[in-house]
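Everything below concerns the one structure shown next.
The values are calculated or read from the model by the stated rules, or taken from the named source; none is laboratory data. Please read these numbers as outputs of a predicted model, since none were measured by experiment. Ideal geometry is used to build each Cβ from the backbone, glycine not excepted, and the neighbour counts take in all protein chains shown. Ligands, DNA and RNA are excluded from the accessible area calculation, which covers all protein heavy atoms including side chains. Shrake-Rupley method; radii C 1.70, N 1.55, O 1.52, S 1.80 Å.
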Amino acid sequence: MTRSIRPLVAGNWKMNGLKADLAIAAEVAKGYDSTLKAAVDLAICPPATLLYLATAALVGSRIATGGQDCATHDSGAFTGDLSAQMLADAGAIFAIVGHSERRTLHGESNATVKAKAEAAQKALLVPIVCVGETKDERQAGKALSVVKKQLRGSVPDGSTAATLVVAYEPVWAIGTGLTPTADDVAEIHAAIRAELARLLGKPAASGVRLLYGGSVKPSNAADLMNVAHVDGALVGGASLKAEDFLAIARACG
Ligand code: 13P
């Protein structure tokens, strides 16, 4: 953790969740007690169909909601896409952009991710910009250079600690039960902070929340969250179980 930074634990529900699953959000809100509230911010990023309902269900809980993607454009003939303004209108505070599933399955380039992050900021959403290397890239010793290149290409100019969150999600750790060692996470997160300082200047970069994502569970959360420059988690599978999500949040406290 970075002592001066208030941690954030965000749940990415991915393409999971029907109305009945809002009970998970309600249970998380119930468990977000005063001790946790004093220690950590929480966010839930449900599928877009549930965004408005989830926001309504979480009113008064101090738990934010977020979208999982946004369009690069404000409005227009883009069938099936959702603008950042629409997400904000539905109550979102955050928008995940550049998740590896979108980079891979939807062919999103760094330039596209940057345009999405800029669109999010324009709508006063905070983009959670995701970066991370594949297994082949790590085995080839390229993890650091890949992540730095993604950052240079994806982070909007002029971002500040208040307008940007970065998530390091090694692709090979997502949904696999595998996690990098604490030393590997420390190396990448320190490099992300340093690269952000080059891009945004040190004062802005020193306050940006750097989340770790990829197979975060209650059993490994404390070890991962204790690493320097890890300021929270982006949680996939475990965010679909209120008790697990809360246990991960407690590991940040
Ligand atoms: P898992 O926690 O299921 O590995 O997913 C991580 C992730 O992709 C969060 O965005």
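The C-beta contact set for region 82-111 (first residue over 25 Å from ALA57 (Cβ atoms), second residue more than 16 Å from the ligand (Cβ to nearest atom) and hydrophobic (A, V, I, L, M, F, W, C), distance under 9 angstrom, 6+ apart or interchain) comprises ASN110/LEU151.
Being in a helix (DSSP H, G or I) and closer than 19 Å to ILE174 by Cα is the filter; apply it to region 78-109 and report the residue that is most open to solvent (accessible area, probe 1.4 Å). By that ranking, first place goes to LEU105. Taking the stated definitions as given, is ALA191 surrounded by fewer than 19 Cβ atoms within 10 Å (Cβ to Cβ), of a type in the set (Gly, Ala, Ser), away from the ligand (no atom under 15 Å from the Cβ) and closer than 27 Å to TYR32 by Cα? Judged against the criteria, ALA191 is not a match.
Which residues, taken from region 2-42, are open to solvent by 40 Å² or more (accessible area, probe 1.4 Å), assigned to a loop (DSSP other than H, G, I, E, B) and not acidic (Asp, Glu)?
The answer is ARG3, SER4, ARG6, LYS14, MET15, ASN16, LEU18.
Among the residues of region 143-175, the ones that are under 23 Å from ALA205 (Cα atoms) and in a loop (DSSP other than H, G, I, E, B) come to 12 in all. Evaluating ALA117 against the criteria (1) away from the ligand (no atom under 15 Å from the Cβ); (2) open to solvent by 10 Å² or more (accessible area, probe 1.4 Å) leaves one unmet condition, (2).
Within region 207-250, being outside any helix (DSSP H, G or I), touching a residue at least 60 places away in the same chain (Cβ under 8 Å) and open to solvent by 60 Å² or more (accessible area, probe 1.4 Å) holds for ASN226, LYS241. Can you find a residue in region 221-235 that is near the ligand (Cβ under 10 Å from one of its atoms), charged (D, E, K, R), more than 14 Å from the chain's Cα centre (by Cα) and at pLDDT 95 or above? No: region 221-235 contains no residue that is near the ligand (Cβ under 10 Å from one of its atoms), charged (D, E, K, R), more than 14 Å from the chain's Cα centre (by Cα) and at pLDDT 95 or above.
Restricting to region 59-77, name every residue that is away from the ligand (no atom under 16 Å from the Cβ) and open to solvent by less than 20 Å² (accessible area, probe 1.4 Å).
Within region 59-77, SER61, ILE63, ALA71 qualify.
So that you can scan it fast, the table gives a plain yes or no per residue for (1) open to solvent by less than 40 Å² (accessible area, probe 1.4 Å); (2) more than 16 Å from the ligand (Cβ to nearest atom):
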{"site": "LYS135", "(1), (2)": "no, no"}
{"site": "ALA140", "(1), (2)": "no, yes"}
{"site": "ALA143", "(1), (2)": "yes, yes"}
{"site": "VAL146", "(1), (2)": "yes, yes"}
{"site": "GLY153", "(1), (2)": "yes, yes"}
{"site": "SER159", "(1), (2)": "yes, yes"}
{"site": "PRO180", "(1), (2)": "yes, no"}
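Only residues that are closer than 20 Å to ALA190 by Cβ and outside any loop (DSSP other than H, G, I, E, B) were counted in region 115-142, giving 6.
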